[in-house]
Amino acid sequence: MAKDLPPLSLYIHIPWCVQKCPYCDFNSHALKGEVPHQEYVEHLLKDLDDSLHLVQGRKLSTIFIGGGTPSLLSSQAMQQLMDGVRERIPLSTGCEVTMEANPGTVEAERFSGYQQAGINRISIGVQSFDAEKLTRLGRIHGPQEAERAAQLATGLGLRSFNLDLMHGLPDQSIEQALDDLRQAIALNPPHLSWYQLTIEPNTLFASRPPKLPDDDDLWDIFEQGDQLLRDAGYEQYETSAYAKPGYRCEHNLNYWRFGDYLGIGCGAHGKITLADGKIMRTVKTRHPKGFMRGEYLDRQFMVADEDKAFEFFMNRFRLLEPCPRQDFVDLTGLAEQRVRPALDNAIQAGYLQETAEHWQITAKGKLFLNSLLEAFLPETE
Ligand SMILES: C[S@@+](CC[C@H](N)C(=O)[O-])C[C@H]1O[C@@H](n2cnc3c(N)ncnc32)[C@H](O)[C@@H]1O
Ligand code: SF4
């Protein structure tokens, strides 16, 4: 049975941060007092116990511990968490295990403790190397700490590490943005996530919007930054993701290729294909208080057939690689005929190219991604 199901990943959410950044809409809460290390890990494992029937004989292909700030967890707690996961579900050979870390909470001993626990990839939230910009972003670290965290990650000999960098920051010039990128590249991370800052609803930046670079400057930052990354040997494989050959993030690839994932911890989302081909989504209780009362599951529901095509393409067309046509049929359980009119329109509009085996999104399709995806929404004929 397991061979017909998509690969399975596990996402684990750690919901606390030292303080809330003004641009961030992730499920993260400013820490009041100590992290309840052991208690939270025990709840995470109980939450996992409740989800074990969804594994359906598979091994875990990847694990991602995200937040919030997972590096607030002690290395002992991380060990307990990883031991607990391994006791419950076997890990595939070469399973990628990523943990997000905030440079302000990174200490050398902790890093090697995390590695001993089984973490083999660290994603460091650098955001910028400009002290003034870091203050504007409400970050708790300076440029030197970010550099030190990257050097520590290099020294550990992990299978990979990632730096998160943002551009289009308040009052940022083109040169400042490119300078940040040059400094990140100089640290030689195998993977670089280069996000354009977006203003999200219900954040401090949404209620008091800062002055951001205009669209022309944003375009120049992207074009010149993209060239810097290419010249340094990075390949773009998703809107914001760049990697040296062989270092793409397997966990995110599984999301974007419409694989399955269990989500445990506050607010975590899961997507699971059942034996009969139906797709189920799960959402865990968002607030730590409720979650730590043992009320793990907030809701679960089946994805309606009408919604499957949109969900599939919304994920899949983030990736620049060609999409095998058979994947659509295998992963959604729908016939290609169902989306034929939308596909034909997209091909005619120059958004997509089709071969006997694949669909390839074009440069125009990337630029007009929203129009391309709209065609797969249920209301559309
Ligand atoms: C969940 S955060 C986790 C990392 C860790 N908590 C930290 O901030 O260092 C993942 C990444 O998303 C990016 N991000 C968060 N909010 C964003 C926004 N409004 N616009 C663009 N990128 C954002 C940041 O680069 C951040 O490092
Ligand atoms: S540290 Fe990361 S998760 Fe926490 S508030 Fe800042 S950006 Fe969000």
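The values are calculated or read from the model by the stated rules, or taken from the named source; none is laboratory data. Here the structure is a predicted model, which means the values were calculated and not measured. A quick note on method: Cβ atoms are made from the backbone with ideal geometry, for glycine too, and the neighbour counts reach across all protein chains shown. Remember, those area values only see protein heavy atoms, side chains included, never the ligands or the DNA or RNA. Shrake-Rupley method; radii C 1.70, N 1.55, O 1.52, S 1.80 Å.
Summary value for the stretch 8-254: 18 percent relative contact order, contacts being C-alpha pairs under 8 angstrom separated by 6+ residues.
Rounded to the nearest 500, the 222 nm mean residue ellipticity of the chain from helices alone is -11000 deg cm²/dmol, with -39,500 (n - 2.57) taken per DSSP H run of at least 4 residues.
Using DSSP to define loop residues, name the trypsin sites (Lys or Arg not before Pro) in the stretch 174-237 whose beta-carbon has at most 13 other beta-carbon atoms within 10 Å. Don't skip to the end; give the middle numbers.
Numbers: sites: Arg182, Lys211, Arg230; in loops: Lys211.
In loop regions of the stretch 174-237 (DSSP not H, G, I, E or B), the sparsely surrounded trypsin sites (Lys or Arg not before Pro) are Lys211.
Measuring only protein heavy atoms, the 1.4 Å probe finds Leu377 accessible over about 60 Å².
Largest first and in whole Å, give the semi-axes of the stretch 8-254's equivalent ellipsoid, each being the square root of 5 times a Cα gyration tensor eigenvalue.
On the way: eigenvalues 188, 86, 57 Å².
After diagonalising the Cα gyration tensor, the semi-axes are 31, 21, 17 Å.
Answer rounded, prolate or oblate for the stretch 196-336, using the Cα gyration tensor with square roots of eigenvalues a ≥ b ≥ c: rounded when a/c is under 1.5, else prolate when a/b is larger than b/c, else oblate. All intermediate terms of the calculation are to be shown ahead of the outcome.
Details: a/c = 2.09, a/b = 1.24, b/c = 1.68.
Oblate.
Rounded to whole numbers, the Karplus 3J(HN,Hα) couplings from phi for the stretch 330-338 are 5, 8, 9, x, 9, 7, 4, 3, 4 Hz, using 6.51 cos²θ - 1.76 cosθ + 1.60 with θ = phi - 60°, and x at Gly and Pro.
Charges were assigned to the Cβ only: +1 to each Lys and Arg, -1 to each Asp and Glu. The resulting dipole of the chain about its Cα centre is roughly 980 debye.
Looking at the stretch 1-90, which GluC sites (Glu not before Pro) are DSSP coil and have at most 10 other C-beta atoms within 10 Å of their C-beta?
On the way: sites: Glu34, Glu39, Glu42, Glu87; in loops: Glu34.
Loop-located and lightly packed - Glu34.
Amide H to amide H distances under 5 Å link Thr285 with Gly267, Leu297, Asp298, where only residues 5 or more positions off or on other chains count and H is placed in the peptide plane.
Taking the Cα centre of the stretch 323-381 as reference, the dipole from Cβ charges on Lys and Arg (+1) and Asp and Glu (-1) amounts to some 180 debye. The spacing between the stretch 10-33 and the stretch 292-317, judged by their C-alpha centroids, is 22 Å.
Ratio of the stretch 323-381's C-alpha Rg to 2.2 N^0.38 Å, to two decimals? Numbers along the way, then the final one.
Values: Rg = 11.1 Å, N = 59, 2.2 N^0.38 = 10.4 Å.
Working it through for the stretch 323-381, the quotient is 1.07.
Relative to the current alpha-carbon distance between Leu334 and Arg88, full extension at 0.36 nm per residue lengthens the span by 85.3 nm. Cross-link partners for Lys211 among the lysines, with Cα-Cα distance under 25 Å and sequence neighbours closer than 8 places in the same chain left out: Lys20, Lys133. Bridges between two residues of the chain, per DSSP, are antiparallel at a rate of about 40%.
Quick one: with all protein chains in place, what share of the accessible area of the stretch 1-80 is carbon or sulfur, to the nearest percent (1.4 Å probe)?
On the way: 1830 of 3350 Å².
That share works out to 55 percent.
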